[in-house]
Amino acid sequence: MRSILTGIAVSVLVVPLSVSAADDQGFYGSVGGGAYRLEVDDFKDIAPTINLLGGYDFNQYFAVEGAYRHLLEAKDRTQGVSLDIDGDVWEVSAKAAYPLADRIKAFGRLGWSYYKFSGEADFLGATLSADEEDNDLTWALGASYDLTDRLNLRGEFAQILINDGDADFVSFNLAYNF
């Protein structure tokens, strides 16, 4: 008897998801920008980003995404040394979304990021440079608004959980559903 009730409960939950998937599945691409805040040891600055994103909606509730962020130059003066840092971030994540209204969805992402930061320091007239690359867990919370059937505006707050500091992102993208 329990297995029958379990089967009915699973059917009630899964059937609406699979029926709605026919209208809401497919590839999408997005371009946008925003800002990032980098805080590592004594270095703290906010600088602009450029974002490219692609994904696939399995249904209106679940998608997978890949993204690229180019981090423009952030500058700070630490312990008498002028530092300039820029870089690139590549992300892969799973996205769970939930419709709040006819055109509005809230979403959360959880994934993995590979990043490479390039830095230059001016110290006593000499320029020193170094690169750091690593990969860490990333998460995001956001919302999207459907402008048309194919276009939506998306905003999110994301964070990479870097061991020695924080990398936070606020971005707005315009997405096209193919």
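Bear in mind that the values in this text are calculations on the coordinates, not laboratory data. Computed from a prediction, not measured in an experiment: that's the story for all the values here. Neighbour counts run over all protein chains shown; Cβ positions are idealised from the backbone, glycine included.
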- What spacing in nm lies between the two simple spin-label points modelled at Phe172 and Val92, each 7 Å away from Cα in the Cβ direction? 3.2
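Using only the Cα atoms of segment 68-107, what semi-axes does the equivalent ellipsoid have when each is the square root of 5 times a gyration tensor eigenvalue? Give whole Å, largest first. Kindly include the intermediate steps, with their values, before the conclusion.
Working: eigenvalues 286, 35, 14 Å².
Taking √(5λ) for each Cα gyration eigenvalue gives 38, 13, 8 Å.
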- Query: Which is farthest toward the positive dipole end of the chain among Phe157, Leu128, Gly87, measuring Cα position about the Cα centre, with Cβ charges +1 (Lys, Arg) and -1 (Asp, Glu)?
  - Reply: Phe157
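Which value in deg cm²/dmol, rounded to the nearest 500, describes the helix-derived mean residue ellipticity at 222 nm for the chain, given -39,500 (n - 2.57) per DSSP H run of n ≥ 4 and division by the residue count?
Values: 1 runs with 23 residues, N = 178.
Here the helix-only value at 222 nm equals -4500 deg cm²/dmol.
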- Along the dipole axis of segment 15-104 (charges at Cβ: +1 for Lys and Arg, -1 for Asp and Glu; origin at the Cα centre), the most positive-end residue among Ile46, Ala74, Ala63 is Ala63
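Which entries in Lys44/Lys105; Lys44/Lys95; Lys95/Lys116 show an alpha-carbon gap greater than 27 Å? Walk me through the numbers on the way to the answer.
Working: Lys44/Lys105 33 Å; Lys44/Lys95 29 Å; Lys95/Lys116 24 Å.
Violating the 27 Å Cα-Cα cut-off are Lys44/Lys105; Lys44/Lys95.
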- Dipole magnitude of the chain about its Cα centre (Cβ charges: Lys, Arg +1; Asp, Glu -1), debye to nearest 20: 1040
- Taking only the alpha carbons of the chain, the radius of gyration and the largest Cα-Cα distance, Dmax, both in angstrom, are 20.3, 80
- Item | Degrees separating the helix 2-24 axis from the principal Cα axis of the chain, which is the longest one | 60
- Message: Using a Förster radius of 30 Å, what is the FRET efficiency between Asp102 and Phe58 based on their Cβ-Cβ separation? Nearest 0.05, please.
- Response: 0.90
- Message: Can you tell me the length gained on complete extension of the stretch Trp112 to Ala126, counting 0.36 nm per residue apart and subtracting the Cα distance?
- Response: 1.4 nm
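Mean separation of Cα pairs under 8 Å and 6+ residues apart, divided by the residue count of the chain: what relative contact order is that in percent?
Values: 447 pairs, mean separation 35.9, N = 178.
Across the chain, relative contact order equals 20 percent.
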